[in-house]
Structure formats: structure tokens, C-alpha cells
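Here's the structure, in C-alpha cells; my notes come after.
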There are 2 protein chains.
Amino acid sequence: MARTLEQSFQVRFHYAVEFTSHLFDTSNAVFATTVGQQRSACKVLVVMDDGLVAHHPELPLAVTEYCQVHRLNLVAPVMILPGGEAVKQDPVNVTLVQDAINMYGIDRHSFVVVVGGGALIDLVGYAAATAHRGVRLIRVPTTVLSQNDSAVGVKNSVNAYGKKNWLGTFAPPFAVLNDLHLIETLENRDWLGGLSEAVKVALLKDEEFFAFLEAHADALRTRNLQSMEHAIYRCAQLHLDHIATSGDAFEQGSSRPLDFGHWAAHKLEALTGYTLRHGEAVAMGIALDSTYAHLQGWLPENDWQRILTLFERLGLAAFHPLMLQSLDDASDPHSLLHGLQEFREHLGGQLTIMLLDSIGRGREVHEMDLDLVARSVQILATRSPYSSSGPNPSAQSPEEPAWTTTAIPAP
Amino acid sequence: MARTLEQSFQVRFHYAVEFTSHLFDTSNAVFATTVGQQRSACKVLVVMDDGLVAHHPELPLAVTEYCQVHRLNLVAPVMILPGGEAVKQDPVNVTLVQDAINMYGIDRHSFVVVVGGGALIDLVGYAAATAHRGVRLIRVPTTVLSQNDSAVGVKNSVNAYGKKNWLGTFAPPFAVLNDLHLIETLENRDWLGGLSEAVKVALLKDEEFFAFLEAHADALRTRNLQSMEHAIYRCAQLHLDHIATSGDAFEQGSSRPLDFGHWAAHKLEALTGYTLRHGEAVAMGIALDSTYAHLQGWLPENDWQRILTLFERLGLAAFHPLMLQSLDDASDPHSLLHGLQEFREHLGGQLTIMLLDSIGRGREVHEMDLDLVARSVQILATRSPYSSSGPNPSAQSPEEPAWTTTAIPAP
């Protein structure tokens, strides 16, 4: 006897990404409307980023007051957890969130609301997605990077085995609420860092958007809110369009067409012990892979220069000294080049790297010439502020560069 | 500024459920074909149920030999973990599987293969679904219950906070391979227990299948393999059809139309400290809710009697003494009635219970009359083997009934 039953079905997902300001001002109806009509019957648990609370100490109480005024069933005082990549490093943070989900009887029709940066959103999303096989998650991203990229997508994760996002699921949110007021108090590193994902998606999908970023580079660097609002909106829109039209929202294939510059970025984050932030690392990864694409003869000289110039004008460094480490040995886990293998392992299947043919048009390749990657790093090194031929140091972020801190692990 | 981006997309899933025999006999190509054409490039990690190994001590080495002959890249000796609900109670078992996934570099295009009963399949599935946001899982269910029900579906889970399946995800398998030879060595409790899901799906969907089960009840109870093969195949087919056509494969709504009898079953499993097996508990839950549906005037007397008679002839008990505990107090966690609240909490939203209008036709209700549930229990109690009016004890499973063991926690 040998018989086969073939199973085939589709699952439809829908969610809205709302752009608003002063979300928890009692006069703003967006949050209450999102929770829905039968709001008093639905439980709400709110988790907030301590980095946000440091800048907005009034926010936890504002949430409580908002829920009272709008008759939302807030089951507990706002729960405050650390923000930043560190929160994803310790599994106890997942347990803390799930303890609360269990204790307050949050079910699949209740709401977990996470307010903060991309790392905390990833972690709370993972806790929510695995509790009861998924309770409803409302994301309130409060950084540029999370508003324009990570929080509008379908992934959640924590780190494990020293590897970024090793644990996670694909689980779309119930809704995403972008509060543009909250990004005003961001540290400059986080304001600027988030722009690298906008540069990335413009490079892959939309030359006109790239031209916008060029035209508004000074305004963006000097924290013009209106320019930033447009950059976030368009970046989020391109990201959402990609997920909806890629035909592979849950990444069952080998390709991750939005991960331009990310093999090097993920590795650099790990090499610096996560003192380099994701957006900063992505800028370096894009600069590197653009240089590589140019050296291969694909990306024209002029396009390549426009990319590097834009990063300089945005105050995003294109180079980090640890990129030079063990460049002759891709098998050394301390080498940037080892990131290629780690990137392939995370996705599985054939190595697939997104590069560029021109601004606005990507190109997928299945192998990388390691010598040419090393030459690309060298070229970026000679342009860096540590080199006499580098750009004007005044174009750098006003903050101390991350690599001068003492937190970098020894190679 | 208030703008909204609406996101909407679908994800397509496909997998095959193969019915075969002697899967790891080197002459059987099914497993190698499932791993695929580029088989030597794909890593394979196999996890096996210790209960299965006890009956088939040759199996771990047979897997190794099979992989050698078919040039499959088996990365490690077969990993053996405990079977049964106990494995889902201890989170260290998830960690053990994920440690191996990490250590052997299993990626999203590699395979984790789980060979065993439904509980181990649930656990390994959860570990695989959350590693790298999901590595490929091949399920080789070896019990009646897992071959006809749990392993052909889209769920995985472990227990937490003392609650069954509290942690889990929706993640379809890469493939399901049902080896009919392996069920021949099942303990009688597991052989018979799996039939309750077949009775359930027949009652909800297919009167003709119910008639088949009636006609073959004696053959099924006396372990006729051919009758069991058909029962498993048809039950799996009805289950798969339901998932594919329900429009809610990932249970985003409030309804779980296949969970007939399950609110009481889940609670009874917990009340007995999981000494009662899932299939045994489901038979009791179905008997209870069928009786309730009859007392409500929905299910005709004759249909109700056919159901109880079929369970008797299959050797599946319809009653457990713990069902009588605290029947007057639904708020007591030791009462069966508390299971209604737990069932609603797990799904969220409105309480939705599937009952019966007739054999082959379900009816959903949103409230249960607790006095009538209590009366239904009393009626089953008077029919039980502990009552003088009960069925012929020879119709019971030859094994010791679960509730005579000492493992039952005190109320």
C-alpha cells in the first residue's frame, strides 16, 4: 500500500500601519479604535522600552490614563523592559513577558502592546507569537529604524547561541502604530542610523526616493521632522509592498531580496558586541557591497560615488576598523568574511546575496569573490575618517563613534 | 498628519502525507525521495521516541544504514528522547533539540525528522519551527492518534504554566510519512485511543465513515490492520480537507470546528496528571458532549445510543470518576466544568463549542448549561463499568484502566 494525500492551502493576513502623533494623548482615537469596538471586553497588556521611558517619563501613566478615558481593559501597570539588542540576548526577558501573558489571562483575542525600539519589539513579538500559538500584537515602534523597517514586517526573534535572531517566527502583527512625535527625542545615533534602511530600499526599488534622500540629506541630518516623516513613510511603504508582492512573505525560498548589505551588517554587529547599532552596521554593509558591485563592473562609478556621498552627508560611517580583521581567512569566525557563511546558514539552501546593477535596480548573485570583498574593504578604509584621504570629519555623527568604546571584545 | 498603509497578503503552504510501510527498509524509496534530489547536500537530523525504540530497538541503526545506502547526509546518530506527554512538560527537551540543530548547522533547507508519537512530534515541531524561524520538519508519526490526526495538521506545541499546549506555533510540516507497520507494536491503549479522533471526525463530517467504524468495530478492537489502515487514511483525509477548506487554518477566529469533545478532554488529561491519554480523554469528551446535545433535544436518541455503543464496542471508556469532582462548582480548578473557561481562554474571544445535531452534522453553540453538563456526567456515570447497569467489562481495554494508577494527583 502506498498512497499520498496532497495538502495545499493559503492563509490570508491583513494589518494596518497607521501614522499618527501623540498616540497616547487622550484626544487621539487611533489606539482605542485599533483595539476595536468591543474594547472593554478585550484585555490589554502594555510593555514599554526603558530607553523610551527615560526620555518620556510621563508615558507609562499617560497610557493608564488613556485606557481609563477610553474604557480599555488595561490589565496591569505598564511593564518596563530594557531596550536595545541586550534585551534579545537574555531568554529571561521572553519568560517575563509570557509570565505576564499567563498571569493576566491574555488570550488570542486580547492585546499585547509593545512600545519601543526594534529590539524590544522583536522580543515581545516572539513572546506573543508563541503564547497560545499567537496572541494579538500591536507594535508601537518609537525609533526611525523600527518605524520604517523592522516593525512593519512579519518577523520576530531573539538571539541564541551567540547568533542574532536564531530563535523566532513569522507572525504578522495585528497593527502597527507609528507615533512620529516619539522619534523627536531619539539619540542622534538612532535618528541617523534608521536612515540606512531607507537608503537600502531606495537603492533596490526606487531611484526617485534615492533622489529625495539626496535632496534632503542635510535636512535629515539636522533633524528636520517633515523630511524624516516622508522618509519613514516611503520606506515603510516600499517594505510593505515588497512583502505583499514577493510571493515568499515567510521566506520559504533561499532568497531574501531586501537583505542588501545585511550579511556584513549582521557580522559587524556581532564582531562589535552589538555596540554598533543595526542601522549603523547596515550603512557599512551597503557601502561594502556597493563597492564590490562597482569593482565587479556592475554598478557604474557615478552611482557608486552617489551612494558613498549620501552616507557621508547623512553622517553615517561607511567603514569600521574591525572590517580589516583576518581579511585573508574567511574561516576565522573573527573575520568579517565569515559572515557570508553565517548568512547562508541562517537562510539555508544556496548562498544568495543581493547586490546592485544601478541605483534603483538590484542583482542577485550566488557567490562572492573573497579577494574582491577584501579589496572593497581596503578601498573603504582609505576613505574613512582614519585616513588622510577620508571625508570631512564634520560629516560624522556628533556622538562618539561606537568603536572607541571599551565594550568591543578583543578579536 | 494621519495616514494609513493597509497591508494584505497570502502565504501558500503545501505538503504531502504519504502512507507507506517499513519506511526505513533500504528498499523503500519514500524517505529518500522526500528529502529530495539534492539529497547529499541537505543535512538530516533524526529524533526518535524512546517508546518506539523500546519496541523496535533495531530502528536507530536502520536509519543510519538507510541514510548510508541512499547517500543522505545524516549529521549525527539518531537522538532519542522520551515519548508521551511528559516530554512536553519539561522545556529542557526543546533546548536539547535546538542545541543539536545549532551544533550540526541545520538550516532552513535542512531536515529535522521526528519519529514517534504525537507528543514528541509536537515538541520537536516546536523546536524546529522556532529555530531560524523554521527549519524543515518531516514527521514520521508512529501511533494511530498521530497518524490520523495530530501529525497531519499545522500545529506544534509544548506545555507551560501547567497548561497543555500553552506554547506553540502554527507551522505546517515539510512532509508527513505514515509508516503503517510501526503501529502494529503499539500498546493496546494507544491502538484503541487513536480511534476516538476517527469517531470524532466521522460524527462531524461523514456519516458513511461512522457506519464503516460501526461495521468494523470488532475488527478494529481486535487489531485488524487492514481495517485500521482505512480508518487512519479516511480520518487523516477528512482532517486535511477541513484545514484546507475551513478558511481559518491558523485559527485567527474564535471557532475550532474540529475540537468536538475537546474542552472536557483537555481538562480530564490535566486532572489525571496526563495518566489518561489524549485519545482516551477525547472518547470521554465526545460521549459527554453527545449526551449533552441529546439532553438539549438536538441529537436524536438513536444517534446518541449509536455513539455510546460504538465506544463500548471499541473498548473506549466513556466515563472517568474524576468527572464527578466538584460538579457543582465551575470555578473550582479541580472541576471538569472549569475546563470550559480554560478552553475559551486558550482560543480567546467568545466561547465556541462544537456539538452535534446528528451523526455527520455538527452544531456550534456559545454557551453551555452547566446543570445539564452535570446531568450528562451523571448519566455516563450510571452507564460506566463501575455501575451495575454498565456495559460488559470485556469491552474494556485489556490494560489496567488509567485511573487505577497511583499517579493521579489528589483533588
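For this structure, a couple of remarks:
- Taking a ≥ b ≥ c as the square roots of the eigenvalues of the alpha carbon gyration tensor, region B:256-395 is oblate, as a/c is not under 1.5 and a/b does not beat b/c.
- Apolar share of the accessible surface for region A:256-395: 49 percent from carbon plus sulfur atoms, 1.4 Å probe.
- Solution diffusion estimate, µm²/s, Stokes-Einstein, chain A, Kirkwood Rh from C-alpha pairs, 25 °C, viscosity 0.890 mPa s: 112 µm²/s
- Crossing angle, helix A:301-314 versus chain A [Cα axis fit, 0-90 degrees, rounded to tens]: 50 degrees
- Shape category assigned to region A:28-122 from the gyration tensor of Cα positions, a/c cut at 1.5: oblate
- The antiparallel fraction among DSSP beta bridges confined to chain A stands at about 30%.
- Over chain A: helical MRE at 222 nm, DSSP H runs n ≥ 4 each giving -39500 (n - 2.57), nearest 500: -12500 deg cm²/dmol
- Summed over both chains, the area buried between B and A is near 6700 Å², taken from the accessible surface of protein heavy atoms with a 1.4 Å probe.
- Position A:Arg306, label points 7 Å along Cα→Cβ, spacing to each other copy in nm (shortest first, one decimal): 7.4
- Loop-resident sites, region B:179-214, for GluC sites (Glu not before Pro), counting at most 16 other Cβ within 10 Å (DSSP): B:Glu187
- Theoretical FRET efficiency, 1/(1+(r/R0)^6), r = Cβ-Cβ of B:Thr33 and A:Gln350, R0 22 Å, to 0.05: 0.55
- Bridge orientation summary for region A:16-183: considering DSSP beta bridges with both residues in this region, about 20 percent are antiparallel.
- Across the copies of the chain, A:Leu295 has label points (7 Å from Cα along Cα→Cβ) spaced 7.9 nm apart, shortest distance listed first.
- With its label point defined 7 Å out from Cα along the Cα-to-Cβ axis, B:Pro91 lies at 0.7 nm from the matching points of the other copies, in increasing order.
- Kirkwood Rh in Å, taken over region A:72-209 so that all alpha-carbon pairs contribute: 15.5 Å
- Rounded to 10°, Cα long-axis angle of helix A:92-103 versus longest principal axis of chain A: 20 degrees
- Helix A:59-69 vs. chain A, principal-axis angle (Cα, 0 to 90°, nearest 10): 40 degrees
- For the protein assembly as shown, share of DSSP beta bridges that run antiparallel, in % to the nearest 5: 45 percent
- Gyration tensor (alpha-carbon) shape descriptor, the protein assembly as shown, a/c threshold 1.5: prolate
- Listed cross-link partners B:Lys88/B:Lys163; A:Lys155/A:Lys200; A:Lys43/B:Lys164; A:Lys163/A:Lys267; A:Lys164/B:Lys164 are compared with a 20 Å cut-off, the Cα-Cα value being larger for A:Lys43/B:Lys164; A:Lys164/B:Lys164.
- Annotation: amide H of B:Asp357 within the under-5 Å range of B:Gly362, B:Arg363, sequence separation 5 or more or interchain, hydrogens built in the peptide plane.
- As a fraction of the 1.4 Å probe accessible area of region B:16-183, surface on carbon and sulfur atoms comes out at 56 percent.
The values are calculated or read from the model by the stated rules, or taken from the named source; none is laboratory data. In this text the structure is predicted, and so the values were computed from the model without any measurement. Note that we place each Cβ from the backbone using ideal geometry, even for glycine, and neighbour counts take in every protein chain shown. With ligands, DNA and RNA removed, areas are computed over all heavy atoms of the protein, side chains included. Shrake-Rupley method; radii C 1.70, N 1.55, O 1.52, S 1.80 Å.
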